[in-house]
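The values are calculated or read from the model by the stated rules, or taken from the named source; none is laboratory data. Given the structure is predicted, the values throughout are model-derived calculations rather than measurements. Neighbour counts run over all protein chains shown; Cβ positions are idealised from the backbone, glycine included.
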């Protein structure tokens, strides 16, 4: 793509919490013509997220917390999510281990990266690294809850995978990264539940 983009001007609109830029560029279309475009990009850095699972008990660990952007867009409840955090110059696996313990209290032994994805590529630059990791009740090292200095006030939830997927279907879970991880877990981590007649 490098030969199809000519950046003409970059203007920083905001550099407070993260960086919002307006960029004017020319883009060479598939027919060979050049078109001038302007886009705003919000750079908040890259992040990592994880779904903790217990195969024997068919459970997962999720969190519940207040998210102002969801609230201001009409969501009048706490958001249920998989633990996640920005990399802050750390390697994704290192960061997700730290975030997991801060948010949930669980000290994960092994984590496995399953994919990465751009979550809102029309305007946000973030690439999110997705992990899964097994946990057991004995891995609980602290109460979790997040860091008060970062404004976190997190409740930890332990749900069966069936309960979690039911909450996706009902709209109780609306966070995209969490839905993606739960669907991944149903397809690739948990064996199908045995049905009794």
Given (1) surrounded by 15 or more Cβ atoms within 10 Å (Cβ to Cβ); (2) more than 16 Å from the chain's Cα centre (by Cα); (3) at pLDDT 95 or above, number of the condition residue 57 does not satisfy: (1)
Members of segment 94-116 found to be surrounded by 15 or more Cβ atoms within 10 Å (Cβ to Cβ) and in a helix (DSSP H, G or I), listed by number: 95, 96, 97, 99, 100, 101, 102, 103, 104
Number of positions in segment 148-162 that are surrounded by 12 or more Cβ atoms within 10 Å (Cβ to Cβ) and at pLDDT below 85: 1
From 28, 36, residue being in contact with a helix residue (DSSP H, G or I) (Cβ under 7 Å, 6 or more places away or on another chain), over 23 Å from residue 145 (Cβ atoms), at pLDDT 95 or above and outside the structural domain of residue 159 (by TED's automatic domain parsing): 28
Top-ranked residue of segment 78-89 - restricted to ones that are part of a loop (DSSP other than H, G, I, E, B) and in contact with a strand residue (DSSP E or B) (Cβ under 9 Å, 6 or more places away or on another chain), ranked as surrounded by the fewest Cβ atoms within 10 Å (Cβ to Cβ): 78
Test: residue 14 is surrounded by fewer than 17 Cβ atoms within 10 Å (Cβ to Cβ) and in contact with a strand residue (DSSP E or B) (Cβ under 6 Å, 6 or more places away or on another chain): yes
